[in-house]
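First comes the structure, then the notes that go with it.
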Amino acid sequence: MMETQAQRLQAPPAGALDRRLGRFDAVMLVMGGIIGAGIFINPYVVAQRVHTPALILGAWAAGGGVALLGAFAYAELAQHLPAVGGQYAYLREAFHPAVAFVYGWALLLVIQTGGMAAVAVTFGHYVRALAGGGPRPGMLAALALGGLTIINCFGVRGGSNVQNALMLLKLAAIAGLVAAGEWLLPAAPAAAAGAGAAGAGWLDFGAAMTAVLYAYGGWQTATFLAGEMRHPRRDLPRGLVLGVVGVVGVYLAVNWVSLRALGPAGLAQAPAPAAAVMQRALGRAGADWIAAGIALSALGFLSQSMLTAPRVYFAMAADGVFFRRLAEVNRRTRAPAAAIVLQGAWAIVIAVSGRYEQILNYVVATDFVFFGLTAACLFAFRRRLRRAGERLEEKVEARMPGHPWTTLLFIGACWSVVLATLVRYPRNSALGWALDLAGIPIYLLWKRKARRSRP
């Protein structure tokens with residue numbers, strides 16, 4: 001049964017996509033989807049909530065463990081169903097097409113485009129600072145989004161090459177930060193390292209974990225490109241696990257040098273800890289280095305987002321529940337150009353309107369609900385294999401270790417973030433869910449339109 005689904009889901013129009021991506025591309029996509037400009041800034045948020053090096057690094061390590069569980073879960077899902085649209089396809093086949101549509105609807109409306117708009121404006125701010133002036137950040141954001149839209153319309157190989165290059169440059173900037181903090185600066189005094197250690201409890205650690213888990217989000221977007229990988233059943237699972245492991249190493253290294261250079265108390269008081277480290281190490285040249293690194297990280301995240309998410313809208317259109325034009329593939333470039341242009345245009349609208357901050361308030365409550373739901377797809381797919389009398393070991397090589405307990409742990413971690421967001425921001429959470437639920441009548445209208453158009 002599962003092989004029949006996989007064959008159907010890789011048939012045209014999905015088969016019209018260009019299968020040009022390999023394992024290295026998958027690893028770069030996973031890392032690029034997680035690492036954005038935030039790692040240069042976010043460590044101070046965690047240090048404000050827990051106050052010792054052990055707890056700070058422990059929070060980032062624990063978050064990495066949860067992210068790795070997610071990577072293993074998605075790796076198995078990718079072998080069950082190596083289909084275009086990835087997470088969208090898993091939700092559709094495990095639960096109901098309406099669930100998948102609501103996810104794609106939220107992805108286009110707020111999750112992906114809102115995040116892209118915010119990161120693009122961040123890119124504009126840092127480019128303007130490096131240049132000593134120039135166009136407004138919103139205009140620079142629109143130019144970056146427009147340029148990446150055009151690049152990705154020329155094909156998945158060109159878009160992936162740009163994404164890979166930006167990811168490697170991003171890693172080089174982070175390596176410079178780590179080297180400067182480790183070799184050019186003395187360790188923070190012992191008094192600073194122990195400051196504020198008292199009073200950190202489980203509630204504080206839980207609050208820190210909410211910020212950490214959000215920082216680790218993004219690996220799932222690599223699954224959207226399963227329809228353009230040469231060997232998705234082999235390369236996508238390995239790319240997911242290797243990519244997340246690489247990000248855990250990067251995040252721990254950045255937090256280690258930030259703690260070493262600034263101490264926990266200094267880190268908690270530094271809204272831009274990476275800039276503080278580089279400023280101390282290299283002066284103005286260090287500040288410029290980190291500003292360039294943040295700009296590159298922002299651009300790399302935008303490149304990855306522009307490359308991956310339009311495949312979800314393409315899959316929705318191919319299913320007949322979205323604009324038919326979005327399911328078309330350019331004959332020359334074999335890219336879903338209309339879907340790419342739609343996402344780029346909407347992200348530009350949000351960026352120049354200045355509404356991205358309000359939209360981001362709705363994202364966490366929505367995104368982590370779907371993380372948990374997607375991991376729950378494992379139960380449905382495994383149950384179908386058992387009913388068909390097939391052995392999991394014969395069908396799936398990359399399996400979730402410790403299932404069902406590890407799967408339940410990952411689902412619980414994701415939904416604890418949702419609960420924490422609901423408690424802390426009830427209005428924003430309610431608005432986010434209302435926006436999601438608004439997708440249900442839209443889905444029903446599209447289904448009705450599709451039935452009427454049938455001969």
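Coordinate-derived values only; no laboratory data. Treat the numbers as computed from the prediction; the structure is a model and nothing was measured. Virtual Cβ from ideal backbone geometry, glycine too; neighbours counted across all protein chains shown.
Could you work out the Kirkwood radius for segment 381-455, taking every pair of different alpha carbons, averaging 1/r and inverting it, reported in Å? Before the final figure, lay out each step's value.
Details: mean 1/r = 0.0603 Å⁻¹.
Answer for segment 381-455: a Kirkwood hydrodynamic radius of 16.6 Å.
Residues of segment 231-255 with backbone nitrogen within less than 19 Å of a virtual label 7 Å along the Cα-to-Cβ line of L184, please, listed as ranges.
The answer is 253-255.
Roughly how many whole Å is it from the C-alpha centroid of segment 109-168 to that of segment 352-385?
Using only Cα atoms to place each centre, the spacing works out to 23 Å.
Counting alpha carbon pairs within less than 8 Å and at least 6 residues apart, what relative contact order, in whole percent, applies to segment 2-453?
Numbers: 780 pairs, mean separation 149.2, N = 452.
Result for segment 2-453 is 33 percent.
What whole-number volume per residue, in cubic angstrom, does the convex hull of the C-alpha atoms of segment 318-391 give?
Working: hull volume 11.8 nm³, N = 74.
Per residue, the Cα convex hull of segment 318-391 comes to 159 Å³.
When the chain is fully extended, how far beyond the present Cα-Cα distance does K447 get from R386, taking 0.36 nm per residue of separation? Show your work: numbers first, answer last.
Details: separation 61, 0.36 × 61 = 21.96 nm, distance 3.14 nm.
Gain in length upon complete extension: 18.8 nm.
When Lys and Arg each count +1 and Asp and Glu each count -1, what net charge do the other residues less than 15 Å away from A430, Cβ to Cβ, add up to?
Net local charge, A430 excluded: +1.
Please enumerate, by chain and number, the aspartates and glutamates with C-alpha under 20 Å from the C-alpha of K170, excluding those fewer than 8 residues away in the same chain.
Within the straight-line cut-off, K170 pairs with D25, E182, D288.
What is the extension gain from E394 to S353, computed as 0.36 nm multiplied by their sequence separation minus the C-alpha to C-alpha distance, in nm to one decimal? Don't skip to the answer; put the middle values down first.
Details: separation 41, 0.36 × 41 = 14.76 nm, distance 5.21 nm.
Value of the extension gain: 9.5 nm.
Taking only the alpha-carbon positions of segment 2-453 and ignoring solvent, what does the Debye formula give for the base-10 log of I(q)/I(0) at q = 0.06, 0.08, 0.09 Å⁻¹?
Scattering profile of segment 2-453, log10 relative to I(0): -0.24, -0.44, -0.56.
If you average the alpha carbon positions of segment 277-305 and of segment 64-79, how far apart do those two centres end up, in angstrom?
30
Per-residue ellipticity at 222 nm for the chain, helices alone: DSSP H runs ≥ 4 residues times -39500 (n - 2.57), over residue total, nearest 500 deg cm²/dmol? Display every interim value, and only then the final one.
Numbers: 21 runs with 339 residues, N = 455.
Helix-only estimate at 222 nm: -24500 deg cm²/dmol.
State, to one decimal in nm, how far the label point of R324 lies from the label point of L143, with both points 7 Å from Cα in the Cβ direction.
4.0
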